[in-house]
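So the structure is just underneath, and the comments pick up after that.
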Amino acid sequence: MKHLFAWIAFSLLASTWMPDSAIAYPQFIAHGYPSCLNCHFNPMGNGPLTDYGRTVGATGIASRAFYPSKWSEEEIGALSGFLFRTPKQEHVRTQANFRGMHMVQGFGSSASQSTWITMQASGQLILKFLTDDRLTMVGELGYNPESSQARASGQADKSLRSREHYVGYRISPELGIYAGFMDKAYGLRVAEHIAFSRVFSDNAQNDQTHGVMAHFLAGGFEGAVHGFMGNLFQASDLRQKGLSLQMERDAGEHRIGVSALRSSNDYVGITSYAAHGRINFNDGSALLMELGQTHRNPDSGAGRRISRYGLLQTFSRATQGLYLIANIDYGKTDLSSDNSALRWGPGVQWFPVQKIELRADLFNTRVFDDNSTTQDNWMLLLQTHVWL
């Protein structure tokens, strides 16, 4: 409990001097926003919010408990603006993000280990041009997070890096072209970078790629086709070059969809495909699910494997700004083996005021091996996200 109290105290202290930015998570379909294009410059989600997205985060997502009861939504929404914005800067937007996590491995045991991880500390610059801001330029530069291997070796990379920089042009409200460095169009962009759905398909925290993406909306369909040439900051033989596809269709107030990805470098070819859905229970509650499979084919022939994963998440809005979470995450690295893992547990996500997100997740990971034995590990994750 001392970890939880310390996290809450730190986060509330941070909220007094740093404003927050709400990211449009997939579960926000339950607030009437099935498309990320409503609130993000990137139509597939992630990255900086638009003016409209910031207002929605301030008035419809975040709690009102810490505002005077007499304040109107217009007054609260007026506080959601971008950093350093003035009336003369209609074509310029800036944003700053901080996301940190206190991780306790072996939670509840005498051998528990605590680690603080700075996952994001970055600034973004957005330039908007033409009528209805049809042309946008988005750039980001920030702290390069430490990998677990780097922390263990004591050789962490402290350099700066960008997770996205691109140019977007909306040819029409139904069609847009985006070129640059961004996440691949594939699957549900859940916040859990350790989810098997993201790890197995190579769509985790630092798997962005350079490429060109076409995004379309038409007749209840939304989708994207993404051709990419790999991360140009990597050595050429390591760059995964290929094509991905994501498509969703409205099903009443819900969304069902499919994704596919094919890529390769000089060493391995990867093929992934998935079916996914987002169920809207209204009043802020939602169910997310994804089932997929990944084929890895090394050029040497050795080590070929097929991996399978399943993700199920429920978000129940207890009150405005507060969500109760249940996670079930299944992964089988190799279908020819009996080894598999099941990660499950409860969580709480809280937006106490606009521009601040606090989240606590308790995970149990149970590993099943070839000998029909099991191993359990408990992990506590306490996250703080602040955006300006």
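Each reported figure results from applying straightforward, stated rules to the coordinates on display, with no laboratory input. The structure presented is a predicted model; accordingly, all values stated were derived computationally and were not measured. Using ideal geometry, Cβ is built from the backbone for each residue, glycine included, and neighbour counts are taken over all protein chains shown.
The trypsin sites (Lys or Arg not before Pro) of segment 262-310 that meet both conditions, a loop assignment by DSSP and at most 14 other Cβ atoms within 10 Å of the site Cβ, are R304. Per residue of the chain, the DSSP helices (runs of n ≥ 4 H) give a summed -39500 (n - 2.57) that works out to -2500 deg cm²/dmol at 222 nm. Taken one residue at a time, the phi angles of segment 245-257 give Karplus couplings (6.51, -1.76, 1.60, θ = phi - 60°) of 9, 9, 9, 10, 10, 5, 10, x, 8, 10, 9, 10, x Hz. Gly and Pro are set to x.
Whats the longest run of the chain with zero chymotrypsin sites (Phe, Trp or Tyr not before Pro) that are DSSP loop and have at most 13 other Cβ atoms within 10 Å?
So the longest stretch without any such site is 85-232.
May I ask you to list the GluC sites (Glu not before Pro) in segment 172-277 that are in a DSSP loop and have at most 15 other Cβ atoms within 10 Å of their Cβ?
Those that pass, being in a loop and sparsely packed, are E174, E253.
Assuming charge only on the beta carbon of Lys and Arg (+1) and of Asp and Glu (-1), the dipole of segment 2-387 about its Cα centre is about 360 debye to the nearest 20. Once the Cα-Cα distance is subtracted from the 0.36 nm per residue extended length, the R304 to N339 segment shows a gain of 11.0 nm. Of the residues I328, S69, V258, the one whose Cα sits farthest toward the positive end of the charge dipole of segment 2-387, with +1 on the Cβ of Lys and Arg and -1 on the Cβ of Asp and Glu, is S69.
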